[in-house]
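First comes the structure, then the notes that go with it.
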Amino acid sequence: MRGVLAGFLVFGVFFLVQAAVFHVVTIARRAMVLVGLWIGGLPLYAGFYAWLPDDRTVWPAALTAPSDIVTVLSGGMLYFFLFMGYAQFFYMAESSVGVRTMIELASEPDKGLTLEELTKRYRYEWMLERRLRRMIHAGYLVEEGGWYRTTSRGRFVAAMLARCKHILRLGPGG
C-alpha cells in the first residue's frame with residue numbers, strides 16, 4: 001500500500017504543478033514539459049515512499065507484499081500509468097476536433113449549428129496550420145517557400161504509423 005499511496009500522492013503533486021506551470025507560462029513543447037515534470041516527480045516518489053510507514057507496521061502480514069521491491073514497483077507503475085492516462089486525456093482535450101465541435105454545438109443546444117456555421121466558428125485551415133507548425137517544431141516537417149515536406153524523421157514516423165493503421169484497419173483518415 002505504501003507504494004500505491006506514494007504513487008497517488010506524487011501524481012497529485014505532478015498534476016498541481018503541471019496545471020500551475022501551464023497557467024503561468026506559455027508552453028510551446030507541451031509533451032517535453034509534461035515528460036520533464038513526470039521525470040521530476042520520480043525523486044519525489046522516492047521521498048514519499050521513504051516517508052510513509054512500512055506496510056508491515058500498518059497491515060497484517062497477509063495483506064502486505066512479499067517484498068519491498070513489489071511495493072516500490074507497484075507504486076512506480078501506478079504513477080507511470082496515471083501519467084499515461086492523463087497525457088491521453090490532456091491531448092484529447094487540447095487538440096481534438098471532435099471535442100471542439102461538441103463544445104461549439106453545446107453552446108447552441110436548442111437549434112444546433114449547420115456545417116457552415118461550425119466552420120465559421122472553428123476554421124479548419126487554422127487547425128491545419130497549427131498542426132503543421134507543431135510538426136515543423138518537432139522536426140517531422142520542413143517548410144520552404146510555402147511547400148511542406150517530411151524530414152527523414154517524419155518519413156520514418158509516417159511509415160510506422162501507416163503500418164499501424166493498416167494492421168488495425170483504421171483507414172487512411174486522421
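The values are calculated or read from the model by the stated rules, or taken from the named source; none is laboratory data. Remember, predicted model here, so these are calculated numbers, not experimental data. All Cβ positions, even for glycine, are placed from backbone atoms using ideal geometry, and neighbour counts span all protein chains on display.
Could you please let me know if Phe15 is assigned to a helix (DSSP H, G or I), under 19 Å from the mean Cα position of the chain (by Cα) and free of Cβ contacts under 8 Å to residues at least 12 places away in the same chain?
So Phe15 does not fit the description; no.
In this structure, does Leu42 turn out to be part of a helix (DSSP H, G or I), aliphatic (A, V, I, L, M) and in contact with a helix residue (DSSP H, G or I) (Cβ under 7 Å, 6 or more places away or on another chain)?
No: the conditions fail for Leu42.
Would you say Glu116 is loosely packed, with under 10 Cβ neighbours inside 10 Å and closer than 17 Å to Val97 by Cα?
The answer is yes for Glu116.
Exactly one condition in (1) farther than 15 Å from Val97 by Cα; (2) modelled with pLDDT under 80 is false for Tyr122; which is it?
(1) is the only condition that Tyr122 fails.
What helices (runs of 4 or more DSSP H), lying completely within region 60-171, carry at least 3 residues that are under 29 Å from Gln18 (Cβ atoms) and within 26 Å of the chain's Cα centre (by Cα)?
Passing ranges, in order: 68-95, 97-106, 124-138, 152-167.
Among the listed residues Ala62, Ala87, Ala46, which satisfies the condition of being at pLDDT below 80 and of a type outside the set (S, T, N, Q)?
Just a single option satisfies the conditions, and that option is Ala62.
Among the residues of region 140-151, is there at least one that is at positive phi, surrounded by fewer than 13 Cβ atoms within 10 Å (Cβ to Cβ) and of a type outside the set (A, V, I, L, M)?
Checked against the condition, which is being at positive phi, surrounded by fewer than 13 Cβ atoms within 10 Å (Cβ to Cβ) and of a type outside the set (A, V, I, L, M), region 140-151 yields at least one hit.
Within region 124-159, which residues are touching a strand residue (DSSP E or B) at 6+ places or on another chain (Cβ under 7 Å) and aliphatic (A, V, I, L, M)?
Passing the criteria: Leu132, Met135, Ile136, Leu141, Val142, Ala158.
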